[in-house]
1. Go through the range 206-231 and give me each residue that's modelled with pLDDT of 95 or more and hydroxyl-bearing (Ser, Thr, Tyr).
2. With the structure loaded, tell me whether Gly498 is modelled with pLDDT of 95 or more and at positive phi or whether it fails that test.
3. Examine the range 250-268 for a residue that is surrounded by fewer than 20 Cβ atoms within 10 Å (Cβ to Cβ) and assigned to a helix (DSSP H, G or I), and state whether such a residue exists.
4. Tally up the residues in the range 74-97 that are at negative phi and not in a helix (DSSP H, G or I), please.
5. Is there a residue being modelled with pLDDT of 95 or more, more than 30 Å from Arg107 (Cβ to Cβ), buried (at least 23 other Cβ atoms within 10 Å of the Cβ) and out of contact with any Cys (no Cβ under 8 Å at 6 or more places or on another chain) anywhere in the range 564-577?
6. Any chance you could count how many residues in the range 338-358 are within 15 Å of Val315 (Cβ to Cβ) and outside any loop (DSSP other than H, G, I, E, B)?
7. Out of Val462, Val395, I need the residue that is surrounded by fewer than 22 Cβ atoms within 10 Å (Cβ to Cβ), among the hydrophobic types (A, V, I, L, M, F, W, C) and within 21 Å of Leu358 (Cα to Cα). Which one?
8. Hey, could you check the range 232-280 for residues that are under 30 Å from Ile511 (Cα atoms) and hydroxyl-bearing (Ser, Thr, Tyr) and say which is modelled with the highest pLDDT?
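The values are calculated or read from the model by the stated rules, or taken from the named source; none is laboratory data. All of these numbers come straight from a predicted model, not from anything done at the bench. Don't worry about glycine lacking a Cβ; one is built from the backbone with ideal geometry, like all the others, and counts go over all protein chains shown.
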Amino acid sequence: MTSFAAVFAGLGVPQVWVGRSDYTIIDTAFGEGHLFLHLWHAWRLEPQRSRRLHVVGLLPELCPAQELQARLLQTCPADIQPFVQELVEAWPLNLLGVHRLEFERLRVTLTLAVGDASIMLGRVSARADAVVFPPEARDYPDVKLEPLLAAATRLLAPGGKLVRLLMSATKLRENFSEQASALWGQGTARGGVWSRGEGAQSAVSSGLHEGHQHVVVVGGGFAGASVAHALSLRGWAVTVYEASGAEQAPHRGHLAAALTPMLTREDDIRARLSRAGTLLGHRRWGHLTGEAFDCCGALQLSRRSGRIVDLESVVAGLNLPEAWAKFVDASQASAIAGIHLQRGGIYFPMAVRVQPELFLDQLLNGPNILRRKRRVQRIVRRGEVWQVLDAAGEVFDESRVVVVAAAHATQDILSASGLLSEHARLRMMHRLGGEVTYVPEGLLAGGPRCIVSGDGYVLPAVDGYCVTGSSYLHGAEVVSVTDAGARENLKRTEGLVGTPLLQEQAGHGAILGWAGWRAVLPGRLPAVGAIGQHTGLWAITGLASRGLTWSSLAGDLVAATLNAEPLPLETDIIDKISQI
């Protein structure tokens, strides 16, 4: 086995870390994470280390955390074992896609790309200082190495290295094509490690705005709070501007909302985006109080009418861990919910009930975040900064980086600023109104213990009321709580739980609820990305009915890009949602 001292020599570690803000390495055969653990250990011991260490690991699947722990404790020396414990505690479920793990207060990140190596390396977004390959071709069963080498080379930063743990030169030629062998012949071998540099050494790597870490965020809803929180964790000073006035607060009076995954038989982009958002939401927000972020789980009941889908076959075909999703029958669903249900469906243990006002306050009252009540009308470029103006044309703030995350108002602000092209995707965004209804928990036998959904939804009780919903108001000019909307929501809830509510609710006085807007784009995918070619200007909008599910991921995509980190999402999804 090649020693890690030899690998580090091939990488130039730790000398290459001196004076750098970031060091990024891709391990194309992550295995049990030995290279990551030894790098992390060396990084912690090195006084002149880079400020941040980023490792991307490719692997076909994830073993259970207990199995990983047992293997690593058998094979790792004593000085590595404390790192093993931290890795095991953060180890994710065996789900395809990209998983972001964070250590040392985000100064060490591990991005796991789970799936076929020939696909996932092409879906990694990173600027790597080194890409490491294993010694033998059999580490990539049924995969041609040339596409992997091409993908790896594209990911290298200037001065980056391709590194391979060696067999003999003869074995190399036997295992690879003439093209690949020619590539290996261009490098140098020493101490059992082959390496080849790509061009001249780059300057000290840094985030895109290193040294200018102030950002203006327009919007204090789920998207704005998420990006503000993600950037504040990375040391940015954040000023958040929210429209003034109680009637303009995005979730004033909104008692409860849901963060729920979704499944599709094809595991399409919306399902993958939902999965990534839910997983990252737990990592990013799991520290919040139970009232703000309650992991209560969710049941998606089988439909009896409309678009009927065989949910049991969907779950069976995806081969998912039960800790993520499983099919349950009516009896099992009733036991989970704590109320009688007449149908089974999919149970999502990681679904969350959120209290929006408390949730937003906890995110936005964190360190490095300054909240201001002021309506942004336009944004104007002046030299190297973006100026933020009100309706009177007064400049009241400026920054090199501005993120507009103001739901449907994002379109208005960017249009008024002349920053949307004629064919911009945001020009097709529209507002879709809706309302939720608050049902006294006594009418629902105390309410469900988990989220119950299908055609509509009902949430576990908060302050004596269960939130039910939700209606869809196309073409509305204003939104408010209405008798018609309440009847629609109560009818949906009756269909879910089998309890007559329309007459019962009438005897409980005035109808209570909340009304608001969804920002909807064609295709029901959000918009998260830079505005055209304008350096430092970003938009997050179009989250529709999945604001909670997608906003943590949206915030971290922006924050990771600004900090030159590997991105926590596959590039084929990023390509879709970054079209502004």
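1. The answer is Ser226, and nothing else.
2. When the stated conditions are applied, Gly498 does not pass them.
3. Scanning the range 250-268, I find no residue that is surrounded by fewer than 20 Cβ atoms within 10 Å (Cβ to Cβ) and assigned to a helix (DSSP H, G or I), so the answer is no.
4. 8
5. Checking the range 564-577: not a single residue is modelled with pLDDT of 95 or more, more than 30 Å from Arg107 (Cβ to Cβ), buried (at least 23 other Cβ atoms within 10 Å of the Cβ) and out of contact with any Cys (no Cβ under 8 Å at 6 or more places or on another chain).
6. 4
7. So the residue among Val462, Val395 that is surrounded by fewer than 22 Cβ atoms within 10 Å (Cβ to Cβ), among the hydrophobic types (A, V, I, L, M, F, W, C) and within 21 Å of Leu358 (Cα to Cα) is Val462.
8. Going through the qualifying residues, I end up with Thr260.
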